[in-house]
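*Asks:* There's a structure below that I have some questions on.
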Amino acid sequence: MEDKDKKEGILYIGIDLGTSRTSVAASNGVRETVWSYVGYPKDVVSRKLLKKDVLFGKEAVEKRLSVNLYRPFEEGIIKYKAAEDKGLTEADIEKHMSAAKDLVREALRLAKPRKDEYIYGVIGSPAQASFKNKEAIIASTKGVLDAVMVCSEPFAVAYGLELLEDTLVIDIGAGTVDLCRMHGTMPAEEDQLTLTTAGDWLDKQLMALFKKKAPNASISIHQVKDIKEKYAFVAETAEPIRVEFIESGLPTVYDITNEVREGCRMIVPPIVQAIHKLVSTFEPDFQVKLRENVLLGGGGSQIIGLGRVLEDAMQKMLGSGRVIQVDEPKYAGANGALKMAHDMPEQYWKKLG
Ligand SMILES: Nc1ncnc2c1ncn2[C@@H]1O[C@H](COP(=O)(O)OP(=O)(O)OP(=O)(O)O)[C@@H](O)[C@H]1O
Ligand SMILES: [Mg+2]
């Protein structure tokens, strides 16, 4: 496959294998996204009811009472933590790996490859994923892709937008916040940081605040996530946020404006510290350019007023700061990965048997 002419038979795809959402962008024009959930019917009754062996995304969550539900990458499993750190058994890890594989297979199905095409995929990983984590990500694509390359998620975002220098990318996902400074070459280890104070962590903080406000209400983490995605904000002023929680079987209305603000603001200090670290250790002559070009992406970047709050914090800590938002946070990672797939010479690819 060294010779370019033979590449006609290759479908390139970029996959953003997110903790909460998996998106694909393919060279045949397909753009698809699915929530990163995989469900397997619990028993013969649920199998009969659901009429399939595996469910994905929203459908898996909606049918969560009838399926064993997996979020294969939650809490960094596979992606950035050593499985041993999680106290998971071999069997648990095996199940998460096979759910990850099924999810990659589903992503690929959504990309609608032709049978006679080789499939070359670039997959995003957290900025500070270890070698072992990358190996696990590659393993999850075996039997699905013909060749694979793993690249850091924030780098993929920057590459897709052709912001290859003087840019600090911050990708606020569900499992991780990934930061990467771009200076015209492939980023090195010291150019990147991964924080775990991301969307899932925020859901837990919000849950604790809501529980404090409504101690007798039963609130699910899915409900908290829905509320966050609808109302998340960090600004001083806001329209009142009123929601219904179920208390002893009865819907009760609560005003949670202050709780939402307080919770969402919790993600700011770790990000500001990380920005400070990456800017202050950069070549002095380029520090101003870097802090004037902070690019915010990922689902968490949609928190209302976040850019402004980060700018204010940078102003205080570093003298100035300017934040720009990615236009298409849903596909920025997958689009960038696809672009890399197109550009990468043959020797960068790992061929899978
Ligand atoms: N409007 C919103 N305000 C705040 N958070 C939001 C909003 N919409 C989505 N999110 C959150 O963004 C996160 C998902 O973002 P994204 O799809 O970029 O993550 P991911 O790529 O799946 O995760 P990771 O990159 O960590 O693996 C979730 O935590 C989700 O709840
Ligand atoms: Mg992501």
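*Asks:* Can you give the local net charge around G353? Use residues other than it whose beta-carbon is closer than 14 angstrom to its beta-carbon, Lys and Arg +1, Asp and Glu -1.
*Replies:* Spelling it out: positives minus negatives among the neighbours equals +2.
*Asks:* Can I ask one more? Which of the lysines could be linked to K134 by a straight reach, that is with a Cα gap under 17 Å, when you skip same-chain ones fewer than 8 residues away?
*Replies:* Output for K134: K79, K81, K101, K142, K350, K351.
*Asks:* Using 1/(1 + (r/R0)^6) with R0 = 22 angstrom and r between the beta carbons of I221 and L65, what's the FRET efficiency to the nearest 0.05?
*Replies:* The formula returns an efficiency of 0.90 here.
*Asks:* Run down the aspartates and glutamates and flag those whose C-alpha is under 20 Å from the C-alpha of K211, throwing out any fewer than 8 positions away in its chain.
*Replies:* Output for K211: D200, D203, D226, E229, E244, E247, D255, E259, E262.
*Asks:* At 20 °C and 1.002 mPa s, what whole-number value in µm²/s does Stokes-Einstein give for the translational diffusion of the stretch 199-265, with Rh from the Kirkwood sum over Cα pairs?
*Replies:* Answer from the Stokes-Einstein relation: 180 µm²/s.
*Asks:* Bins of 10 Å, beginning at zero and ending with the bin holding the largest distance: percent of Cα pairs per bin for the stretch 95-141, please.
*Replies:* Calculated P(r), rounded to whole percents: 23, 50, 24, 3.
*Asks:* Treat every Asp and Glu Cβ in the stretch 231-353 as -1 and every Lys and Arg Cβ as +1, leave all other atoms uncharged, and give the resulting dipole magnitude about the Cα centre to the nearest 20 debye.
*Replies:* Result for the stretch 231-353 is approximately 460 debye, rounded to the nearest 20.
*Asks:* Sticking with this one: So which DSSP H runs in the chain come out at 27 Å plus along the axis (Cα) with average Kyte-Doolittle of at least -1.0?
*Replies:* 90-110
*Asks:* Divide by every residue of the chain the summed helix terms, -39500 (n - 2.57) for each DSSP H run of at least 4, and state the resulting mean residue ellipticity at 222 nm, rounded to the nearest 500 deg cm²/dmol.
*Replies:* -11500 deg cm²/dmol
*Asks:* Between S130 and Q315, what is the label-point separation in nm under the 7 Å Cα-to-beta-carbon projection?
*Replies:* 4.2
*Asks:* Show log10 I(q)/I(0) for the stretch 133-248 at q = 0.16 Å⁻¹, two decimals, from a solvent-free Debye sum over equal Cα scatterers.
*Replies:* -0.91
*Asks:* Subtract the Cα-Cα distance of K350 and K52 from 0.36 nm times their separation in residues, and report this length gain in nm to one decimal.
*Replies:* The K350-K52 span can extend by a further 104.0 nm.
*Asks:* Work out, in µm²/s and without decimals, the Stokes-Einstein translational diffusion coefficient of the chain at 4 °C, 1.567 mPa s, Rh from Kirkwood over C-alpha pairs.
*Replies:* After rounding, the answer is 61 µm²/s.
*Asks:* Let me ask something else about it. Mind running the shape call on the stretch 65-185? Use the C-alpha gyration tensor, a ≥ b ≥ c as the square roots of the eigenvalues: rounded below 1.5 for a/c, prolate if a/b tops b/c, oblate otherwise.
*Replies:* Oblate.
*Asks:* Work through the residues other than S320 whose Cβ is under 12 Å from its Cβ and net out their charges, Lys, Arg +1 and Asp, Glu -1.
*Replies:* Around S320, the charge tally is +1.
*Asks:* While we're looking at this one, here's another question. Which shape class, rounded, prolate or oblate, goes with the stretch 239-347 when its Cα gyration tensor gives a ≥ b ≥ c as root eigenvalues, a/c under 1.5 marks rounded, and past that a/b bigger than b/c marks prolate?
*Replies:* oblate
*Asks:* Ok, one more. Give me the dipole magnitude in Debye, nearest 20, for the stretch 48-134 about the Cα centre, with unit charges on the beta carbon: positive for Lys and Arg, negative for Asp and Glu.
*Replies:* Rounded to the nearest 20 debye, it is 400 debye.
*Asks:* Related question: Please give the charge dipole size of the chain, origin at the Cα centre, charges +1 on K and R Cβ atoms and -1 on D and E Cβ atoms. Round to the nearest 20 debye.
*Replies:* Value, rounded to 20: 1160 debye.
*Asks:* What is the distance, in nm, between label points placed 7 Å from the Cα along the Cα-to-Cβ direction at K204 and at D116?
*Replies:* 5.2
*Asks:* If you don't mind, another one. Taking R0 as 30 Å, what FRET efficiency do you get between H183 and K230 from their Cβ-Cβ distance, rounded to the nearest 0.05?
*Replies:* Efficiency, from the Cβ-Cβ distance: 0.20.
*Asks:* Also, I was wondering about something else. Among V234, Q205, S220, which residue has its Cα positioned farthest towards the positive end of the charge dipole of the stretch 199-265, with +1 placed on the Cβ of Lys and Arg, -1 on the Cβ of Asp and Glu, and the dipole taken about the Cα centre?
*Replies:* So the residue we want is Q205.
*Asks:* Give the value in nm², to one decimal: projected area of the alpha carbon convex hull of the stretch 25-81, averaged over all directions.
*Replies:* 5.3
No lab work stands behind these numbers, since they all come straight from the coordinates. The shown structure was predicted, so the numbers you read here are calculated from the model rather than taken from an experiment. Counting neighbours? That spans all protein chains shown, and the Cβs are built from the backbone with ideal geometry, glycine included.
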